[in-house]
Amino acid sequence: GEPPSVVMAVRLSQAALAEATVLLDGIAQLDASVRAADSALQPEIAAAAADLSAARKAAAEGRAGVASDELARAESLLESARREAAGARPNVLAALQQAQEANRLADAALVTVRETEAQRQREAAALTATSRRAASAYDRADHYIAGRRPAVGEEPRTRLREAQRHLDLSRSLEDIDVARATAEAQAAERLAQEALRLAQNEFEERTRRTGDDDRSATIRACRPA
């Protein structure tokens, strides 16, 4: 039974109250976000600085995978976050976002460095294994040929000398070019194996011929005059 103007005023008041409630909830949420960002800001800045320092060190050591432009961007973001945090009226949300992005870029650089280091370690392990096999193959061929020198010709000896040359070259490249050092060690192993195979074939052929000659001489000696 109230006049229409009163009803309208009540409805407007209810709408305004609902909007105010939403606004107050938003302010409360923003306040909580700011407080959370404020407590997370300095640890995030410290983490970004540590990761960035590690990435810079990797770049200074010439380790592959560190992109200088990404590091420069991370440094710029970190400095901006520090300035924002130190301001008279700091925007902690913006500062936190910048520090997080700087940390992400530094983390990405470090991941690349770790992956590159792991690849280098795998390549170094492969080189070590190949070098050991090549040296072992060379020693076997060298001992075999040295013990049967009169029965082994020039070709196996040439292969063995080539194996030694590749093995020496591989050792000289170990700290310079791992991929090439591995290839040289593989060549040395292959040549040493070929030298051993050829030497064995020649020795067996020489032994067979000598045995045949001995048997023929024995037969001739046993024939009646």
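The values are calculated or read from the model by the stated rules, or taken from the named source; none is laboratory data. Values in this document were obtained by computation on a predicted structure and should not be read as measured data. Note that each Cβ is placed from the backbone with ideal geometry, even for glycine, and that neighbours are counted across all protein chains shown. The protein model used for the area step is the full one, side chains on, heavy atoms only, and it has no ligands, DNA or RNA in it. Shrake-Rupley method; radii C 1.70, N 1.55, O 1.52, S 1.80 Å.
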Q: Please report the relative contact order for the range 113-181, taking Cα pairs under 8 Å with a sequence separation of at least 6, and give it as a percent rounded to a whole number.
A: 37
Q. Taking the Cβ-Cβ separation of A126 and R208 as r and a Förster radius of 30 Å, what is the calculated FRET efficiency to the nearest 0.05?
A. 0.15
Q: Using only protein heavy atoms and a 1.4 Å probe, report how much of T21 is accessible, in Å² to the nearest 10.
A: 70
(Q) Could you derive backbone 3J(HN,Hα) for the range 71-82 from the dihedral phi with the Karplus parameters 6.51, -1.76 and 1.60 (θ = phi - 60°), listing whole Hz in sequence and x where the residue is Gly or Pro? (A) 5, 4, 5, 4, 4, 5, 5, 5, 5, 5, 5, 5
**Q.** Separation in nanometres of the label points that stand 7 Å from Cα toward Cβ, at R180 and S80
**A.** 4.4
Q) Viscosity 1.002 mPa s, temperature 20 °C: Stokes-Einstein D of the range 136-204 from its Kirkwood Cα radius, in µm² per second? A) 179
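Quickly rank 79-90, 193-204 as a protection proxy: mean count of other C-beta atoms within 10 Å, highest first.
193-204, 79-90
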Q: Report, by chain and number, residues whose modeled amide H sits under 5 Å from the one on E174, excluding near sequence neighbours (fewer than 5 apart, same chain).
A: none
